[in-house]
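The values are calculated or read from the model by the stated rules, or taken from the named source; none is laboratory data. Just so we're clear, the structure is a prediction, and the values are computed from it rather than from any experiment. Positions of Cβ are generated from backbone atoms using ideal geometry, with glycine treated the same way; all protein chains shown enter the neighbour counts. In case anyone asks, the SASA skips ligands and DNA or RNA and just uses the protein heavy atoms, side chains included. Shrake-Rupley method; radii C 1.70, N 1.55, O 1.52, S 1.80 Å.
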Amino acid sequence: MIPAIFGMHVATYLVCELGGRTIEEPLAVKGRKKLWEKLAKDLTARETKWAGLEKQQRIPLTDQEVGFVFEELHRSKSSFPPFESLSRPTLVRWDFSKPLSVTNCVVMSPQEASKHEEGYRNGLSPAQVWGKEAVAAVQRRQLEATRWVDAIY
């Protein structure tokens with residue numbers, strides 16, 4: 001049994017290598033819902049602070065949409081090059097002049113989120129805070145999100 005499983009794994013690896021495809025590390029599924037709930041709770045707290053939401057008011061994203069933004073859209077990594085895996089991810093509104101939505105939400109570390117908010121407080125645009133490469137990466141993800149949203153709704 002074990003040699004057969006090993007053989008299938010080697011065959012899959014070789015086919016992917018020959019086809020130029022990378023095998024992404026699968027994430028553990030257990031406990032993901034709790035992570036999405038934590039990300040949504042943190043985003044709600046951040047939006048309460050920035051957008052003036054009332055204490056018990058909810059953000060316009062469901063936990064499943066938060067999971068989509070984090071897992072599918074940004075692939076559980078930072079939204080900025082070099083797209084690092086984060087030990088403590090945070091969702092943040094990308095452009096504070098636009099409403100919070102699936103297309104206007106990015107993944108950052110808490111330190112990057114503070115820098116992002118500080119730039120907004122000082123009247124800087126996201127391009128001035130992060131540079132052209134990061135803005136281009138976020139715009140690609142926003143386009144992808146728009147396609148997903150149009151296909152679903």
**Message:** Any residue at all in the stretch 109-126 that's under 15 Å from the mean Cα position of the chain (by Cα), modelled with pLDDT under 95, under 29 Å from Glu24 (Cα atoms) and outside any helix (DSSP H, G or I)?
**Reply:** yes
**Request:** State the number of residues belonging to the stretch 101-119 that are in contact (Cβ under 8 Å) with a residue 40 or more places away in the chain and open to solvent by 30 Å² or more (accessible area, probe 1.4 Å).
**Result:** 2
**Message:** Restricting to the stretch 18-44, and then to whatever is assigned to a helix (DSSP H, G or I), loosely packed, with under 13 Cβ neighbours inside 10 Å and under 27 Å from the mean Cα position of the chain (by Cα), can you tell me which residue is modelled with the highest pLDDT?
**Reply:** Lys34
**Asked** Inside the stretch 60-98, can you point out the residues that are part of a loop (DSSP other than H, G, I, E, B) and closer than 14 Å to Leu39 by Cα?
**Response** Pro60, Leu61, Thr62, His74, Ser76, Ser78, Leu86, Ser87, Arg88, Pro89
**Asked** From the list Pro81, Pro60, which one is at pLDDT 85 or above, surrounded by fewer than 18 Cβ atoms within 10 Å (Cβ to Cβ), touching a Pro at 6+ places or on another chain (Cβ under 9 Å) and under 24 Å from Arg140 (Cβ atoms)?
**Response** Pro60
**Asked** Can you name the condition, by its number, that Ala137 falls short on among (1) under 14 Å from the mean Cα position of the chain (by Cα); (2) exposed (fewer than 14 other Cβ atoms within 10 Å of the Cβ); (3) without any contact (Cβ under 8 Å) to a residue 60 or more places away in the chain?
**Response** (2)
**Fill in**
Result of the Cβ filter at 8 Å on the stretch 70-91, keeping first residues that are at positive phi and partners that are at pLDDT below 90 and not charged (D, E, K, R), at least 6 apart or interchain, is Arg75/Phe83; Ser76/Leu27; Ser76/Ser85
**Request:** Might you let me know whether the stretch 132-145 holds any residue that is farther than 24 Å from Glu24 by Cα and part of a helix (DSSP H, G or I)?
**Result:** yes
